[in-house]
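Down below is the structure, laid out as structure tokens.
FYI, it's all coordinate maths here, none of it is from the lab. All values reported here derive from a predicted model rather than from experimental measurement. Here the Cβ positions follow ideal geometry from the backbone for every residue, glycine too, while neighbour counts run over all protein chains shown.
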Amino acid sequence: MKVSDRLYREMMVAGLDRLDQGITVIDSELRLIACNRTFLELLDFPDALSRPGTHFEQFIRYNAERGEYGPGDPELQVAERVAAARAFTVHETLRQRPNGRLLSIRGFPLPHRGFITLYSDVTEQEHQREKLTRHQTELEHHIQRRTAELTKANAELTAAVDANRHITAALQHSEGRLRQITDTIPAHIAYFDHTWTYRYANKRYARWFGWTAESIVDQPIREVVGPAVFALVEEHVRRALTGEKVTYEYPLIAPSGATVYARSTLLPDIGPDGGVQGCYVHAVDVTEQRRTHFALAQAQKLEAIGQLTGGLAHDFNNMLTVVVGNLSGLRDGLPGSALVEEYVDPALEAAGRGAELIKRLLAFSRQQPMDPCPVDVNELALSMAKLIRRSLPGSISLLTSSSAGDLIVEADPHQLESALLNLVLNAKDAMPDGGSLVVDSSVEQVDGADAADLEVEPGDYVQIAVTDNGTGMDPKTLARVFEPFFTTKKFGMGSGLGMAMVYGFIKQSGGGVRIRSRQALGTTVALLLPRSRRAVRAEHGPLVAAGGARASLSGRVVLLVEDDPEVRKVVRNQLAALGCSVLEAENGSEAADMIETIPAISLVLSDVVMPGGMDGRALARFIRRFRPEVPVLLMSGYAEQGEKRALGEGSAPLLDKPFSREQLAEALQALVG
């Protein structure tokens, strides 16, 4: 089936308009390929500029002429920005519009030049950041003020210490009082001198590194924080001791074993001679803030992919229905032909993979309902090993192991097999010169910090770990491994969706993913799923044979309702092959008229999504009222989870596209008994 360029564009624009970010795609000639409604609304552009082919300069000139860039020569403003755009480089900027809204503008070059630009309203986020900075500044001023008071008191007390022991006692009291104050402040506070030696730390700061407030005094920075953290902060300390105020973030392993993230500010202590005597340290724990930011970013990516995928899934599955149906008819029409094995069967297999890819994309974006059931992980791993060994070269050895029996999880077995196969194939690609691959199953107790890091509920989990001794990943790659469309493989060798789909499936199943990797040493990817105590159910019996279905369906008058003529043709042929007499309607209203006027209709097969005022769900309700004895089977290329639940509650059953003649026969047989 050939879909017109106009239809493709309408589908793409509809998908882009669902995004809450503005987006523009500009070609190598600086002309607009596409933009969405959010972009026009964020920058108050007229609809006339949204036409494809609009030159980038027209947007800039429109802004310059209405004073968007402030005072200055509009022609010079236009020329500078157009020249910068022609560089086609990554750019990111914050711009405050005349209406006071703050926009984040990020541009990324495309493979054939041109660029894609994202526009986000970050006004509220910036207000929150400014509020946090203001609070931190107030706290720093408080610390400086209290420190200055102590310094002044110390100087006065030191001058008179020999003359008055009561002053010494007052000094001790003042120091104790100051320590009490700093220990109470909800922040990590310390001081080190120009020799890189701690002279003071409050309890919170000392506990962070496994020390006490007393034992940390007179200890070198490297000794306190450890070599790993010291390597991260050394340059910042060096800059601060030159008189520069420095703020930075770094990870560290807390005494509990959990990884936490700190944001530290170093304030130089300037002596009377103008030299730097040391630095005050003010640090806060930003672990939860980073975790929230990461979760929000992941959710936004999932939502964007889900919106685009959901909008296109219906049409792709309709196309695949036509492809699968016609190929199946060709195969049935050429029994025993060598052409079937050479051409038709591979094409059917490829179409099946296309349908599975759509389902996996929907599952990743959490818009495709899964079919979880109790799965024995050990059995699944052993059966997968037989398949995996066939796809591995002789230079790679495969070992499966398990430290426990009865490893049952609640998951979609097909999705779990797909996730495991994806990890194994990634591991194979990481060992081009051969190596060792281990698939290990075990029970893990996840609680406390581990549960928080994985964003799962505490409890028993089954862990499936895939370990290789291949090339490994650097920290930058490791940080982006779950990003949709991110890949390190050559163009055409990978979509960048494999690990993102694995992550989406595991999170949708209530689990988490751990990754540990070191360059030149290898990678371990561990999938953790909640352990289940339910028994594994028996395998389903064989499907109803097509011949048996034909016997009970033969002679039935079936009303086929489908707006796509090519899909209608394929399904009509499938119904005819099952012995049915077929009547056709291309929309719900036409079908309703036929239901009222043709008593011979004994079965209705209808698409869910159709144009006009009556879709498949409305048609099913109409038939239930006026012809309740007529069973209805709905079919759909894509239905959101809420729609599927509604269809399943005492309403018509749903058959997912694309489907084979055997699957159609089984669904109809189950419907008519």
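Positive contributions from Lys and Arg (+1) and negative ones from Asp and Glu (-1), summed over other residues with Cβ under 10 Å from the Cβ of SER104, come out at -1. Measuring r between the beta carbons of SER442 and ILE270 and using R0 = 56 Å, the FRET efficiency lands at 0.50. Counting neighbouring Cβ atoms within 10 Å and putting the fewest first, the residues TYR69, TYR461 line up as TYR69, TYR461. Taken about its Cα centre, segment 1-131 carries a charge dipole of roughly 340 debye when the Cβ of each Lys and Arg holds +1 and the Cβ of each Asp and Glu holds -1.
Computed over the alpha-carbon pairs of segment 373-530, the distance histogram in 10 Å steps reads 11, 41, 38, 10, 0 percent, short to long.
On a full-extension model of 0.36 nm per residue, what is the gain between VAL672 and ASP44, subtracting their alpha-carbon distance, rounded to one decimal in nm?
That pair, VAL672 and ASP44, stretches by 220.4 nm at full extension.
Full extension of the chain between GLN96 and GLU65 gives 9.5 nm of extra length, using 0.36 nm per residue less the Cα-Cα distance. Descending by average beta-carbon neighbour count within 10 Å, the peptides 38-48, 408-418 line up as 408-418, 38-48, the highest first. Each residue of segment 49-60 was assigned a 3J(HN,Hα) from its phi angle through the Karplus expression (A = 6.51, B = -1.76, C = 1.60, θ = phi - 60°), giving 7, 7, 5, x, x, 4, 6, 3, 4, 5, 5, 5 Hz with x at Gly and Pro. Projecting the Cα atoms of GLY394, VAL424, LEU407 onto the charge dipole of segment 373-530 (Cβ charges, centred on the Cα centre) puts GLY394 farthest toward the positive pole. Arranged from fewest to most other beta-carbon atoms within 10 Å of their beta carbon, TYR280, TYR205 become TYR280, TYR205.
Neighbour counts of other Cβ atoms within 10 Å put PHE108, PHE88, PHE505 in the fewest-to-most order PHE108, PHE88, PHE505. In this structure, the amide hydrogen of ARG518, modeled 1.01 Å from its nitrogen in the peptide plane, lies closer than 5 angstrom to those of MET473, counting only residues at least 5 positions away or on a different chain. Length gained on full extension, LEU132 to ARG516, computed as 0.36 nm times the residue gap minus the Cα-Cα distance: 134.9 nm.
Couplings for segment 422-438, taken from phi via the Karplus curve 6.51 cos²θ - 1.76 cosθ + 1.60 with θ = phi - 60°, read 4, 5, 5, 5, 4, 5, 4, 5, 7, 10, x, 9, x, x, 10, 10, 10 Hz in order; Gly and Pro are left as x.
Got a sec? Which residues in segment 17-53 would a label at THR123 touch, if it sits 7 Å along Cα→Cβ and we count backbone N under 13 Å? Under cut-off, by backbone N: 42-44. The charge dipole of segment 373-530, taken about its Cα centre with unit charges on the Cβ atoms of Lys, Arg (+1), Asp and Glu (-1) only, comes to about 920 debye. Highest average first, the peptides 263-275, 18-30 ordered by how many other beta carbon atoms sit within 10 Å of their residues are 18-30, 263-275.
The amide H of ILE216, built 1.01 Å from its N in the peptide plane, has no neighbour under 5 Å, considering only residues 5 or more places off or on other chains.
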